[in-house]
Structure formats: C-alpha cells, structure tokens
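Since every read-out is calculated from the coordinates, none of them should be taken as a lab result. Computed from a predicted model, the values in this text were never measured in an experiment. Here the Cβ positions follow ideal geometry from the backbone for every residue, glycine too, while neighbour counts run over all protein chains shown.
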Amino acid sequence: MHIAGIGPGTQNKLFKEGYINWQLAYDNANSLPLSLKLKDNLLLEIEKSFTALKKNNISYFLERYPNKEHWRILSHFKNFLSYFDIETTGLSIYDAEVTVVSCYHQNTMHTYINGENLDDFLDLLDDIKLLVSFNGTSFDVPFIQEYFHIPTFPCPHIDLRWICYHKNMRGSLKEIEIDCGVYRPDELIGVDGYEAVLLWEKYKRYGIQKALDKLVDYCEADVLALTEVTKEVLLR
C-alpha cells in the first residue's frame, strides 16, 4: 500500500494470488499479475523498502503510507515509540505560548515547564525515534515548531487521532480512552483544555503551586492515555 500504483484493489489481487508480503512478491516477480511498468516499479520500491527497514528509516514509510495505514508503522516500530502532549495559553500558535510539555520516553515520564526547563525538550526530541500524539499534526507539532522557531520537526511523528478514526474509534482522546477502559484519577475527571489555561493563569499570576501540579498531572494523564489507546489500536 505504500508503493505508487498499488491501491486496495491491486493489493487484494496480489493477496489472493498468494503474494502476501514483500519477499514473496520479489521472489516471484515474473508471475506477478501486474503490468510490466507497475511490476518494475514494485520491485524497485520493494528493494528500497527493505533497505529502509534495515536502517530503521521510519520517515521513509511515514512519507509513503497514507495516514490510515500508519498503524502498520506503529506495530513494526512499537519498541521505538515515545508519546507526548502539550498545554498552551490558547489555540493560536502565533498568539499563545506553550506552558507544559510531557513526554513518555524510554519508560520514563519527562515534563517540561515554561520558565523552568522547557528548552530542554528539544534535547529530548533529538533522542526520540518515533513520537506519537493525538491531534498533534494540527496542534502540538506546529505549536512546538513555532514556539522554538524550528522549520521542521526533528523526529518522525504519528498522529494517533487519524488511525483511531479509521479504526472506528471516533471522538476526543478522553472519549476514546473511556471506550478503551482507561479512567483518570477522580481529581482529573472533567478537566479540559480550557481549565488547563486557567490553571496556568493561577500559577503564573498568583503563584499557586497546586494549580501547576494539577496542570502537570493533566498533561501527563493525556500522555499515559496515549500509550493505552495505542495498545488498543493495534488489537483492532
């Protein structure tokens, strides 16, 4: 499906003929039920795919698979996954600031706070092989790029929202996680992006530490929910 000219119909045709993986198609090139031009392109791309797979070149596959097929990348590179979420002072990447970033990386939760250590998140990004978010393509990633003035995101990224959508897991992250049997602590139930903005204001204006602590807990809860939703996505 990541090769130009191979759509669902052609893929199913190959599957029915017994060519259910790259190697089988490559080893039996002469008998593939394809036009000569498509066959040549398929063989060339399979060679490139094997090379990219050997080098763990995740970006190669992200650029070629449609969003709804990114679950394949999640599955194959599941040992490389890191998860992140951000909180901001608003919705505009030009008028708002990033307040908190939480990232679950190598079995450890890392949290970065505006005015304390937010710039350190860039160092962590350099160590990440594949970053997973929910709606990050539209929100988190462009916010990070604008805030840190970086023209391109420094690591491969998968937006779980669209994988969920095509797996009939619709709605917000909070709605989807409940369907997956994930429940937040009582003190975080009902907290949303609007309250996250208010919590930051309480901390910055009045120095209320409990407000910041709750904001961090909320952001980290989003990240941990991502890890569980990913597991469910790969089962469906």
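Can I get the semi-axes of the range 188-236's equivalent ellipsoid? Compute them from the C-alpha gyration tensor as square roots of 5 times the eigenvalues, in angstrom, largest first.
Calculated on Cα positions only, the semi-axes equal 29, 9, 7 Å.
Averaging over all projection directions, find the projected area of the Cα convex hull of the range 8-55 and quote it in nm² with one decimal place.
Across all orientations, the range 8-55 yields a mean hull projection of 3.3 nm².
If a/c stays under 1.5 just call it rounded; otherwise compare a/b with b/c (prolate if a/b is bigger, oblate if not). Do that for the range 1-115, with a ≥ b ≥ c from the square roots of the Cα gyration tensor eigenvalues.
Judged from the Cα gyration tensor, the range 1-115 comes out prolate (a/c at least 1.5, a/b above b/c).
Please list the three semi-axes, largest first and in whole Å, of the ellipsoid equivalent to the chain, using sqrt of 5 times the eigenvalues of its alpha carbon gyration tensor.
The three semi-axes for the chain are 40, 19, 14 Å.
Just add up the charged neighbours of GLY7: K/R +1, D/E -1, any other residue whose Cβ is under 12 Å from the Cβ of GLY7.
0
Just subtract the alpha-carbon distance of ASP27 and ASP120 from 0.36 nm times their residue separation and send over the number in nm, one decimal.
Gain on stretching ASP27 to ASP120: 28.7 nm.
Which pairs, out of LYS13/LYS37; LYS78/LYS214; LYS174/LYS210; LYS129/LYS167, put more than 26 Å between their alpha-carbon atoms?
Listed pairs above 26 Å: LYS78/LYS214.
If you average 1/r over all unlike Cα pairs in the range 52-154 and invert the result, what Kirkwood radius do you get in angstrom?
14.6 Å is the Kirkwood radius here.
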